[in-house]
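For reference, the structure is listed below as structure tokens.
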Amino acid sequence: MTSPSPLRFGLAGTGHWARVTHAPALASTDGIELAAVWGRDPGKAASLAAAHGAAACADFGEFLGRVDAVAFSLPPDVQPDLAVRAARAGRHLLLEKPVALSVAAADEVAGAVASAGVASVVFLTQRFEPEVRAWLAQAAAGGPWRGGTLTWLGTAMDPASPFNTPWRRRKGGLWDLGPHAVSLLWASLGPVVSVTADAGPRGVTHLILHHESGVTSSATVTLDAPPAAEAVDLRLWGEPGWSSAPLADRDDVAVLRIALTELAAAARSGHPGHPCDARFGRDIVAVLSEAERQLPW
């Protein structure tokens with residue numbers, strides 16, 4: 001029995017995350033070929049493509065013509081239009097979170113994916129980390145849980161951080177860390193049906209998530225924490241007591257390989273659904289948009 005031909009992926013984006021995570025993962029995942037690179041800076045696209053033996057494309061249409069799927073590593077205000085274009089061209093999508101910065105734009109992405117029947121995965125990193133997945137499975141089998149709390153104190157606003165980017169400075173922890181928070185609490189306690197939001201100093205956002213089951217959870221996120229306070233912590237509480245998620249340091253390239261492998265499997269199977277697909281990404285955007293509407297910023 002012969003192995004299927006590699007799924008040809010294009011990488012859209014040339015920033016830090018694309019260079020240190022996307023490109024290495026795409027170049028080292030079984031059954032996947034990094035075939036092309038496109039970026040808004042042609043020089044950076046050429047350099048990144050050369051480093052991995054891929055074709056550099058200055059034109060996005062030419063780029064789409066060389067690939068079966070696109071891995072996006074672009075800001076969330078740039079990603080949606082290009083993702084819609086790629087989906088309509090029949091290309092499978094690995095999307096970055098958040099998939100967009102408005103419900104309307106997220107609806108367009110999810111709608112294009114559904115209409116084209118292509119596979120999609122949103123790279124919500126912890127949802128693909130094996131130890132976190134095992135913990136989520138144990139949590140689902142345990143309980144009953146009465147609530148949960150997530151605290152994520154990030155330092156991306158440090159001047160030396162490679163993640164101190166214009167869109168993060170503009171949108172803050174709600175939109176950068178918030179997708180992870182909503183995704184993890186959703187997976188832990190069930191669908192989120194509403195949110196109550198408030199703001200603290202220096203870009204701190206507090207969320208109260210109301211789940212379909214009737215329980216509530218809370219999240220506190222910021223990108224402007226002091227380095228000594230940097231931390232991420234997720235805990236559930238209920239009849240069994242407390243349960244803490246294993247959110248320690250991870251190998252982002254290895255985790256992305258898992259996401260790529262699952263996207264490729266969905267693309268080849270003809271059953272493009274995935275728990276972290278574009279529709280789920282759209283649902284997260286709806287929660288964050290409502291939270292943002294309530295904040296005084």
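For Gly173, what is the net charge nearby, where nearby means another residue's Cβ is under 14 Å from its Cβ and Lys, Arg count +1, Asp, Glu -1?
Here the count lands on 0.
Once you sort the root eigenvalues of the Cα gyration tensor of segment 87-195 as a ≥ b ≥ c, which label holds: rounded (a/c under 1.5), prolate (a/b larger than b/c) or oblate (the other case)?
Details: a/c = 1.80, a/b = 1.11, b/c = 1.63.
Oblate shape, in that a/c is at least 1.5 and b/c is the bigger or equal ratio.
Amide H neighbours of Gly238 under 5 Å, at least 5 residues apart or on other chains, H built in the peptide plane: list them.
For Gly238, whose amide H was placed from the backbone, the distant partners under 5 Å are Arg146.
Evaluate the charge dipole of segment 131-199 about its Cα centre and quote only its size in Debye, nearest 20, assuming +1 on the Cβ of each Lys and Arg and -1 on the Cβ of each Asp and Glu. Working shown, then result.
Values: 6 positive and 4 negative charges, 31 e Å.
In total the dipole reaches around 160 debye.
Calculate the dipole size of the chain relative to its Cα centre from +1 charges on Lys and Arg beta carbons and -1 charges on Asp and Glu beta carbons; express the result in debye to the nearest 20. Mind dumping the intermediate values first?
Numbers: 24 positive and 29 negative charges, 68 e Å.
So the dipole magnitude of the chain works out to roughly 320 debye.
Which residues does a label at Arg133 reach in segment 266-297, if reach means a backbone N under 12 Å from a point 7 Å past the Cα toward the Cβ?
275-276
Long-range amide H contacts for Ser120: which residues qualify at under 5 Å (H placed 1.01 Å from N, peptide plane, sequence gap of 5 or more or a different chain)?
Leu93, Ala278
Taking a ≥ b ≥ c as the square roots of the eigenvalues of the Cα gyration tensor of segment 20-88, is the shape rounded (a/c under 1.5), prolate (a/b larger than b/c) or oblate? Display every interim value, and only then the final one.
Details: a/c = 1.45, a/b = 1.27, b/c = 1.14.
Judged from the Cα gyration tensor, segment 20-88 comes out rounded (a/c under 1.5).
Quick one: what are the phi-derived ³J(HN,Hα) couplings along segment 164-171, Karplus 6.51/-1.76/1.60 with θ = phi - 60°, whole Hz, x for glycine and proline?
7, 10, x, 5, 5, 4, 7, 9
About the Cα centre of segment 186-277, how large is the charge dipole given +1 on each Lys and Arg Cβ and -1 on each Asp and Glu Cβ? Please answer in debye to the nearest 20. Show your work: numbers first, answer last.
On the way: 5 positive and 11 negative charges, 30 e Å.
In total the dipole reaches around 140 debye.
Taking the dipole about the Cα centre of segment 239-282, with the C-beta of Lys and Arg at +1 and of Asp and Glu at -1, give me whichever of Gly270, Phe280, Ser244 is farthest to the positive side.
Farthest towards the positive end: Gly270.
Could you give me the ³J(HN,Hα) list for segment 56-65, computed from phi with Karplus coefficients 6.51, -1.76, 1.60 and θ = phi - 60°, whole Hz, x at Gly and Pro?
9, 10, 8, 10, 5, x, 4, 4, 4, x
Quick one: 3J(HN,Hα) in Hz for segment 90-105, Karplus 6.51/-1.76/1.60 with θ = phi - 60°, rounded, Gly and Pro as x.
x, 9, 6, 10, 9, 9, 8, 8, x, 5, 6, 10, 8, 5, 4, 5
Give the separation of the Cα centroids, segment 81-115 to segment 192-207, in Å.
After rounding, the separation between the Cα centres reads 26 Å.
Every number in this text was worked out from the coordinates using simple rules, so none of it is lab data. The model shown is predicted, which means the values in this text are computed figures rather than measured ones. Positions of Cβ are backbone-derived with ideal geometry, glycine not excepted, and every protein chain shown enters the neighbour counts.
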